[in-house]
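Worksheet: one structure, shown below.
The values are calculated or read from the model by the stated rules, or taken from the named source; none is laboratory data. As the structure is a prediction and not an experimental result, all values here were calculated from the model. Cβ atoms come from the backbone with ideal geometry, glycine included; neighbour counts cover every protein chain shown. Note: areas computed on protein heavy atoms with side chains; ligands, DNA, RNA excluded. Shrake-Rupley method; radii C 1.70, N 1.55, O 1.52, S 1.80 Å.
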Amino acid sequence: MTTVDVAAHLTTMRAQVPLVQCITNTVVQQFSANVLLAAGASPAMLDHEADAAQFARLANGILVNFGTATSHQLLAADAATAAAAESDTPWVLDPVSFGGVDHRTVHIRRLAQSGPTCIRGNASEIAGLAGAGAGGRGIESTDEVDAILDHAGRLAIDTGAIIAVSGPRDAIIGTDPEDPGRLVRARVAGGSPLMPLVVGTGCSLAALTAAYLGAVPADQGPDLAGDRFAAVVTAHVHFAAAGEVAARTAEAPGSFAVAFLDALHTVSEDDLTAVDVTVETVERTH
Amino acid sequence: MTTVDVAAHLTTMRAQVPLVQCITNTVVQQFSANVLLAAGASPAMLDHEADAAQFARLANGILVNFGTATSHQLLAADAATAAAAESDTPWVLDPVSFGGVDHRTVHIRRLAQSGPTCIRGNASEIAGLAGAGAGGRGIESTDEVDAILDHAGRLAIDTGAIIAVSGPRDAIIGTDPEDPGRLVRARVAGGSPLMPLVVGTGCSLAALTAAYLGAVPADQGPDLAGDRFAAVVTAHVHFAAAGEVAARTAEAPGSFAVAFLDALHTVSEDDLTAVDVTVETVERTH
Amino acid sequence: MTTVDVAAHLTTMRAQVPLVQCITNTVVQQFSANVLLAAGASPAMLDHEADAAQFARLANGILVNFGTATSHQLLAADAATAAAAESDTPWVLDPVSFGGVDHRTVHIRRLAQSGPTCIRGNASEIAGLAGAGAGGRGIESTDEVDAILDHAGRLAIDTGAIIAVSGPRDAIIGTDPEDPGRLVRARVAGGSPLMPLVVGTGCSLAALTAAYLGAVPADQGPDLAGDRFAAVVTAHVHFAAAGEVAARTAEAPGSFAVAFLDALHTVSEDDLTAVDVTVETVERTH
C-alpha cells in the first residue's frame, strides 16, 4: 500500500450514512453528533448498559471514550464491544487523558486489549497506553507525534489495532496487510492550530473514524485490513481538509468551530485529495 | 377551529417567559436550553428524582425525552409528570428513537399512556408508538409524515394527547374541542433541509412546545383544549419561521445552527403569520 | 487596595494555562470548556468520585456547580474539595439555582461552609445562600445586585470566601487583606444584555474564575488574599470586555455566543484595562 483513495472512501461514507453508536463523554456529545451529521454520518449516543448491546447490533461503527464515564457508560462499553465482536462491527477506542488518573486508566487499558479496530489519541495518550510517557493532563498532549512513533508501532502490534496519533501531522499506523512482518504508516498534514482550542475536536475525530470504518463493506476478505486502514486515514484527511477550509475564514475558536462544521459538510473529493498524505511501510522495531 | 392565532400565542409566550423543566438527553441539553432562551422562554434542566417533583410544581411546562436516560432521569420523569398531573401542568413526551431498542421503548410506551399533553416525534417514532412501523434508528426518520397520519390520529385518540409529527410538512393532530367525535389536524410547512443536520432540532422543538403550552392560561375552561392545540401549532410555526429565516443566510449546518438561534429570537408576529398553516377537521378513521 | 492590575493577571493566566477541574452541570460542560480554552486555560471535566480527588491534586483550580448533579458529582465534589484543602488549591462554588429545590440546596449550603475560595452566583442565589430572598427559579435572577450587597458582605464574612455577584454591574466582595475588620468591594460594569440569553455564561464565568485563581502563585504569603481577590475581579473583567466586544458585531444570542468565544480569545490587556472597575473598602454592617 502506497496510496489511499480518499475520494472513494469519502463517497462511500456519504452514500452509506453509517450509523455510529457513541459511548462518549458528556462534554463533547453535542459537538461529536454535529460533526457526524455534518460529515455525512448518523450519530446515536446510546450509552446505557440496558440497551448498548442491542443497539450495537444495529450500528455500523462504535466509539468508546471514557472522558466522563459513569458506571453506566463503563458497562455499556463492555456490552457494546462484546456485541461488536460477534458481528465484526468496527469500534474505535479513544483513550482520552489516559494516565492522568487511575479510575479510567484501568478501564482504558482493559479495552485496549479487547480487540478495538482502531485506537485514536494524542501523542501523550498513545505513548502512555504503550507503556511510555507520563500520560495526559486533561485533553492536552505534551508529547510530540514524531517522538512516539515507535511506541505507537509497538501498540499496533500488541493490540492488533490501527493506531492513530493526532497532532500537527497525524500518524496512522497498522500492520501491513500485504506483509504482516512490517508496519504501514501514513502521515496526514493539515488542520489548524485553532483546533485544540475547540473542545471535542479530538473526540469527534474518533467518532468520524468509527463512521468511516462503519462504511467499509464487511465481506471483502483479504482486503479488509487494507480498507480499514484507508478508512482511518480518510477520516483524518476529511478532518484536515475541513480544518484548513475553516481556517481560511476564522481567526478565533468560536467562529472556527462553526466554520469547521460547515466545512465538514461542504468539502469535496478534490479537497480531500489535495491534503498532503504520505504512506510508507516500515520495519517493526522490536 | 379553522385558524390559529399564532401572533397572539407568540406574544403571550414571550410575555410570560414560561419556565420549562427539561428532563432530556445530555446530547441536546445545551442546544435545547439555548433554543428556549432565544425563543423567549426560561429553561431548567433539573433531571434528578430528588428534586424533579418539587421543581415540577414551579414549572409552567415539562419536557420528557429519554434519549440518554439514566435511572435518575427515568425516576425524575415519573416524579415530575405525577406532580404535573396534580396541577394540570402541561407536559410533552418526545419518544426519541422509539422502537430502536427495548430499554427506552418500555418507558416511552408507559409514559405515553400516562396523560401527556402532547407527544412530539418524527414519523417513524409516532408510527411505532401507535403500533405500526419499524421504529427509528437513532434520531432519523424513515417514514414520511403523510404516510402515517392515520396512525397519528389513532394515537391521539388512544392517549388523549395532541400528536405532533415533525417532517418537511409537520402535522399536529388532536381531538376537536368543538366535536369530540372528530379530529382537528393542522399542517405546517417550512423549515429547512439543514435542520436534520443539526443535532437537537427535533428535541428542542419538543421543549419549545412545552414552553408554548406553559404560557396558556390554566383557567380558561372549555377553550383550554383549543388553546393548547393552538399553542402546539404555534411552537411548530415559530420553528418553521426561524428555519426559513436562517436558511436565507446559511448554507451549511454549523452556520445554520447559529442563524437559527438568532432567528428564533428575532422573528416577529408577522414572520409567524407568513408561515403556511392549514387547519381542518377530519373524521375519525376507526 | 484601590486598584486591580487586570493586565498583569490576564498575562499571568494565559502564561500559566491553568488546569481547571470542572464538576459542573451537563448542560454547560461544552460551553464552559470552550470558554476556558478560548480564554487561555485548560479544562478537564472529571466528575466521578473514583478519580475526582486524584485529579484535584493535579489541577490548579476547581469548580463545583450542582446544576444537574448526580450522586457521582456530589461525591466527586466532596472528594475534590477535600483534596484541594490539603494543598490550598483554590476552588469556586457556583450555587446555581440555590433555593429552588431542596435536594441541591442542602449540598450547596454544606459546601459553602467548607472553605470555598470564591462563591459566584447571581443576586438571587447569593441572597438565598446568605439567608435572605426567595431563591432562584432555574438560572434566572430576580433580585438586583445593588439590593443584596449587604447580604453578600455577610456571606463573605460567614464563609471566608470571596463573594462574586453577577449582574449588569457585577460586585466582588471579600475581607480586606489589609484590614480584616473591613470589606473590600469591587464593581465591574460591562458585558451585554444578550449574555443571559446564552446558557452557561454564568456557569462558565465561575469556571474562568477558578482559572484565574489557579494562576495565582501559591507561595506569596501575606499578599495571597489580595491576589486572589484581584484574580476574581480580573475574571469578571475578562468576561465584561469580551461581552462588549461581542456585542459590537452580534445582535442575537446565536451569533453572540460565537463572537463571545472569539472575543475571550482575542481581547488584549488594553481591552481589559478599558473596563470600568471601581474598588472601595466598606464597613462591615454587622
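Listed values, structure above:
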{"quantity": "Most positive-pole-ward Cα, B:Asn65, A:Leu19, C:Ser268, against dipole of the protein assembly as shown from beta carbon charges", "calculated": "B:Asn65"}
{"quantity": "Nearest-0.05 FRET efficiency for B:Ala189 and B:Arg110, computed from C-beta distance (R0 56 Å)", "calculated": "0.95"}
{"quantity": "Integer Hz, Karplus 6.51/-1.76/1.60 couplings in order for region B:26-38, x for Gly and Pro", "calculated": "5, 5, 10, 4, 5, 5, 4, 5, 5, 4, 4, 4, 5"}
{"quantity": "Nearest-first distances (nm) between copies at C:Gln54, label 7 Å from Cα via Cβ", "calculated": "3.4, 3.4"}
{"quantity": "Given charges at beta-carbon only (K, R positive; D, E negative), |dipole| of region B:6-283 in Debye", "calculated": "480 debye"}
{"quantity": "Counting DSSP beta bridges with both ends in chain C, the antiparallel % (nearest 5)", "calculated": "50 percent"}
{"quantity": "FRET E, pair A:Ala147, A:Glu86, Förster distance 45 Å, beta-carbon r, rounded to 0.05", "calculated": "0.75"}
{"quantity": "Region A:231-285 - charge dipole about Cα centre, Lys and Arg +1 at Cβ, Asp and Glu -1, debye rounded to 20", "calculated": "180 debye"}
{"quantity": "Radius ratio Rg over Rh of the protein assembly as shown, counting only Cα atoms, Kirkwood formula for Rh", "calculated": "0.97"}
{"quantity": "Cα centroid separation - region A:1-53 against region C:39-114, whole Å", "calculated": "33 Å"}
{"quantity": "Table column - 3J(HN,Hα) (Hz), region A:59-69, Karplus curve with 6.51, -1.76, 1.60, x for Gly and Pro", "calculated": "7, 8, x, 9, 10, 10, 9, 9, x, 10, 5"}
{"quantity": "Dipole magnitude of the protein assembly as shown about its Cα centre (Cβ charges: Lys, Arg +1; Asp, Glu -1), debye to nearest 20", "calculated": "860 debye"}
{"quantity": "Accessible area buried, both sides summed, chains A and B with 1.4 Å probe, Å²", "calculated": "2200 Å²"}
{"quantity": "Cβ-Cβ FRET estimate between B:Glu283 and B:Thr249, R0 fixed at 51 Å, reported to 0.05", "calculated": "0.75"}
{"quantity": "Percent RCO, i.e. relative contact order, over chain B, from Cα pairs under 8 Å lying at least 6 residues apart", "calculated": "22 percent"}
{"quantity": "For chain B, built as a Gaussian network whose Cα springs stay under 10 Å, the top-fluctuating residue of B:Pro116, B:Pro193, B:Pro177", "calculated": "B:Pro193"}
{"quantity": "Cα radius of gyration and Dmax for region B:156-213 (Å)", "calculated": "13.1, 39"}
{"quantity": "Teacher prompt: C:Ser87 distances to equivalent labels in other copies, 7 Å Cα→Cβ, nm", "calculated": "4.5, 4.5"}
{"quantity": "Accessible carbon and sulfur surface of the protein assembly as shown relative to its total accessible area, %, 1.4 Å", "calculated": "50 percent"}
{"quantity": "Estimated vicinal HN-Hα couplings, Hz - region C:77-88 in sequence order (Karplus 6.51, -1.76, 1.60; Gly, Pro = x)", "calculated": "5, 4, 5, 5, 6, 5, 5, 5, 4, 4, 10, 6"}
{"quantity": "Separation in nanometres of the label points that stand 7 Å from Cα toward Cβ, at B:Asp102 and A:Asp158", "calculated": "3.9 nm"}
{"quantity": "Axis proximity, chain C to A: residue whose C-beta lies nearest, plus whole-Å distance", "calculated": "C:Thr26, 3"}
{"quantity": "Gain on full stretching of the segment that runs from C:Glu178 to C:Asp270 - 0.36 nm per residue minus C-alpha separation", "calculated": "30.3 nm"}
{"quantity": "Label spacing, shortest first and in nm, from C:Arg14 to its equivalents in the remaining copies (7 angstrom along Cα→Cβ)", "calculated": "3.9, 3.9"}
{"quantity": "Relative frequency of Cα-Cα separations exceeding 33 Å in region C:6-283, percent", "calculated": "11 percent"}
{"quantity": "Taking only Cα atoms of region C:1-94, radius of gyration then Dmax in Å", "calculated": "13.7, 44"}
